[in-house]
Amino acid sequence: MDTLGKQELELLRILQKSSRFDITDLTERLNMSRTSIYDKIKKLENEGYITNYVALIDPKKVGLNFTVIITVSLNSQQIEYVEEFSKKIATLDEVVEAYVTGGIFDYILKVVVQNPEAFSEFIATKLSVIPHISKIKSSFVMNPIKQSTELYF
């Protein structure tokens, strides 16, 4: 962040709230020309500050009504086991977030599926068949309190 100016930081804050913007509104809010704004956005993209633009979908609207947080422990933290598990998890469409963690568990996964039956099928046919797993624990999301893609800086 040390190479970004105040206008660039503010532009990032605005874009992460919504990448659909009114250029006229941005020119007024940032006190910049249209060309300067587009140049700054291109710079932020090229330097990796902006990594992607996406539409955030309501899972329930597309029939994905069941969210589960899963913790996974491997039977060993050998680098080959960790790399193999990580690669396999990255290919599973149901896994929308995955983290290697330190502490009690080796991984935390967020899985989104249609219903409990689909989750059971996911566990039986996709997750539990990955080698070197010693423990899988699941917690079902009853009610999400906060879901955000916005970073505070």
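Observations
- The dipole here belongs to the chain: it is taken about the Cα centre, uses +1 on the Cβ of Lys and Arg and -1 on the Cβ of Asp and Glu, and is about 280 debye.
- The fraction of accessible area contributed by carbon and sulfur in segment 6-47 is 43 percent, rounded to a whole number (1.4 Å probe; ligands and nucleic acids excluded).
- Residue-normalised accessible area of the chain, given per residue in Å² at a 1.4 Å probe: 69 Å²
- The candidates Ile70, Ile104, Ile57, arranged from most to least accessible area with a 1.4 Å probe in the full protein assembly, appear as Ile104, Ile57, Ile70.
- Percent accessible area from carbon and sulfur atoms, segment 59-140, protein chains only, probe 1.4 Å: 55 percent
- Entry note: segment 59-140 has Rg to Rh equal to 0.97, where both radii use alpha-carbon atoms and Rh is the Kirkwood radius.
- Net +/- balance of residues flanking Val111 in space, Cβ distance below 11 Å, scoring K and R +1, D and E -1: -1
- Largest-first principal axis extents of the Cα set of the chain (Å): 57, 37, 23
- Remark: relative contact order (the chain) = 26 percent; criterion is Cα-Cα distance under 8 angstrom and separation of 6 or more residues.
- Cross-link pairs exceeding 23 Å in C-alpha to C-alpha distance, out of Lys61/Lys135; Lys17/Lys42; Lys17/Lys40; Lys60/Lys110; Lys110/Lys146, comprise Lys61/Lys135.
- For the pair Asp58 and Lys137, the difference between a 0.36 nm per residue extended length and the Cα-Cα distance amounts to 25.9 nm.
- In a simple Cβ point-charge model (Lys, Arg +1; Asp, Glu -1; nothing else charged), segment 6-47 has a dipole of about 60 debye relative to its Cα centre.
- Between the Cα long axis of helix 79-90 and the first principal axis of the chain there is an angle of about 70°, rounded to the nearest 10.
The values are calculated or read from the model by the stated rules, or taken from the named source; none is laboratory data. Everything quoted here is computed from the prediction, not taken from an experiment. Positions of Cβ are backbone-derived with ideal geometry, glycine not excepted, and every protein chain shown enters the neighbour counts. Keep in mind that these areas ignore ligands, DNA and RNA; they rest on the heavy atoms of the full protein, side chains included. Shrake-Rupley method; radii C 1.70, N 1.55, O 1.52, S 1.80 Å.
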